[in-house]
Amino acid sequence: MFSRIWTKPSTKSCSEQIQRLKAVLQDCDVVVIGAGAGLSASAGFVYTGERLEKYFSDFAAKYGIQDMYSGGFYPFATPEEHWAYWSRYIYINRYMDAPKPVYDDLLKLVQDKDYFIITTNVDHCFQKAGFDKKRLFYTQGDYGLFQCSEPCCRETFENEAMILEMVKRQEDMKIPTELLPVCPHCGKPMTMNLRSDNKFIEDEGWHRAAERYKNFLRTREGGKILFLELGVGYNTPVIIKYPFWQMTMKNTGATYACINQGQAACPQGLNRQAICINADIGQVLQSLSDAVIQ
């Protein structure tokens, strides 16, 4: 398996690498996008600073929460407090639009291409931007889905109406007890459909998306492919990063491109097929999309 020790960041200038990526985008037949948290962060979905103060100043003051993500693990005393926090969190990070048009710029680049997207993000930004949902594989779940905490079934449940009601009716950092989500089959508490332990539900939709992704890769194997990695870190590299490296190495007609502020790198043996851009993803995509329009 790959190790970070083997990686080598690019020493070439961003402008040179962006021009290389532009040329590859124009020339390739297929684009496989791998997206991580850095992409949504570039789009404005950050969990600290002004957004934390705007939406969670009360929780921050009472519980000392310093970022939204870690706040989701806080051991609240009651489920009413837990869901007051999580409903607000889900509302602003799943049902509100991204502050910046990063996903829109990405769509401009690939909408006329044969593309597929695999992502560890759970914020639904791709579909909100207009990407074809049949070309998307959300591997780690979706903020917009509940599942049984047991779980008693292999089923997930849309949560938008329930979340909006929780946000609307919460007071003093608590939701009304009657709004606590429970499984319609067994009556046990519901939880988020997020891969955090071995109880994560891979429902029918998850398996259909996984199969579509597998078939897409199989039927395009050996072609002129751009593996475009955006904002993927090293928390779960076996999902996107390592497979992208491996598939590029096996295909001399493929290119691996990584855009990630401060973390763009690749194995030394992949350098000739790689484009690594250490810059803000949004700025790079905007530059590329502007060039496409021109």
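The values are calculated or read from the model by the stated rules, or taken from the named source; none is laboratory data. Predicted, not measured: the structure shown is a model, and the values here were computed from it. Positions of Cβ are generated from backbone atoms using ideal geometry, with glycine treated the same way; all protein chains shown enter the neighbour counts.
When the residues of the range 104-129 are filtered to those that are touching a strand residue (DSSP E or B) at 6+ places or on another chain (Cβ under 9 Å) and assigned to a helix (DSSP H, G or I), the one that is surrounded by the fewest Cβ atoms within 10 Å (Cβ to Cβ) is 127. I'd like to know if the range 120-134 contains one or more residues that are modelled with pLDDT of 95 or more, out of contact with any Leu (no Cβ under 7 Å at 6 or more places or on another chain) and farther than 30 Å from residue 234 by Cβ. Scanning the range 120-134, I find no residue that is modelled with pLDDT of 95 or more, out of contact with any Leu (no Cβ under 7 Å at 6 or more places or on another chain) and farther than 30 Å from residue 234 by Cβ, so the answer is no.
The number of residues in the range 54-86 that are surrounded by 17 or more Cβ atoms within 10 Å (Cβ to Cβ) and either acidic (Asp, Glu) or not assigned by TED's automatic domain parsing to the domain that holds residue 181 (or both) comes to 2. As a summary of the residue check, residue 163 satisfies the conditions (1) in a loop (DSSP other than H, G, I, E, B); (2) crowded, with 21+ Cβ neighbours inside 10 Å; (3) not assigned by TED's automatic domain parsing to the domain that holds residue 29 except for the one numbered (1).
When residue 227 is tested against (1) assigned to a loop (DSSP other than H, G, I, E, B); (2) surrounded by 15 or more Cβ atoms within 10 Å (Cβ to Cβ), only condition (1) is not met.
Within the set 252, 236, the sole residue that is out of contact with any Lys or Arg (no Cβ under 6 Å at 6 or more places or on another chain), surrounded by fewer than 18 Cβ atoms within 10 Å (Cβ to Cβ) and over 22 Å from residue 27 (Cα atoms) turns out to be 236. Yes or no: the range 144-151 includes at least one residue that is within 29 Å of residue 233 (Cα to Cα), surrounded by 20 or more Cβ atoms within 10 Å (Cβ to Cβ), in contact with a Lys or Arg (Cβ under 8 Å, 6 or more places away or on another chain) and not polar (S, T, N, Q). Among the residues of the range 144-151, at least one is within 29 Å of residue 233 (Cα to Cα), surrounded by 20 or more Cβ atoms within 10 Å (Cβ to Cβ), in contact with a Lys or Arg (Cβ under 8 Å, 6 or more places away or on another chain) and not polar (S, T, N, Q), which makes the answer yes. Does the range 180-189 contain any residue that is basic (Lys, Arg) and buried (at least 16 other Cβ atoms within 10 Å of the Cβ)? Within the range 180-189, not a single residue is basic (Lys, Arg) and buried (at least 16 other Cβ atoms within 10 Å of the Cβ). When residue 205 is tested against (1) assigned to a helix (DSSP H, G or I); (2) over 22 Å from residue 36 (Cβ atoms), only condition (2) is not met.
You will find that of 291, 264, the residue that is of a type outside the set (Phe, Trp, Tyr), at pLDDT below 95 and surrounded by 18 or more Cβ atoms within 10 Å (Cβ to Cβ) is 264 and no other.
Being in contact (Cβ under 8 Å) with a residue 40 or more places away in the chain and at positive phi is a property that holds for residue 231.
Tallying residues that are farther than 13 Å from residue 193 by Cα and either of a type in the set (S, T, N, Q) or touching a residue at least 40 places away in the same chain (Cβ under 8 Å) (or both) within the range 121-149 yields 7. The set of residues in the range 159-209 that are touching a residue at least 24 places away in the same chain (Cβ under 8 Å) and of a type in the set (Val, Ile, Thr) comprises 163, 167, 175, 177, 191, 201. Please name all residue pairs, on different chains or six or more residues apart, with Cβ atoms under 9 Å, provided the first residue is in the range 261-276 and is assigned by TED's automatic domain parsing to the domain that holds residue 14 and the second residue is surrounded by fewer than 13 Cβ atoms within 10 Å (Cβ to Cβ) and of a type in the set (Phe, Trp, Tyr). From the range 261-276, the pairs are 263/234.
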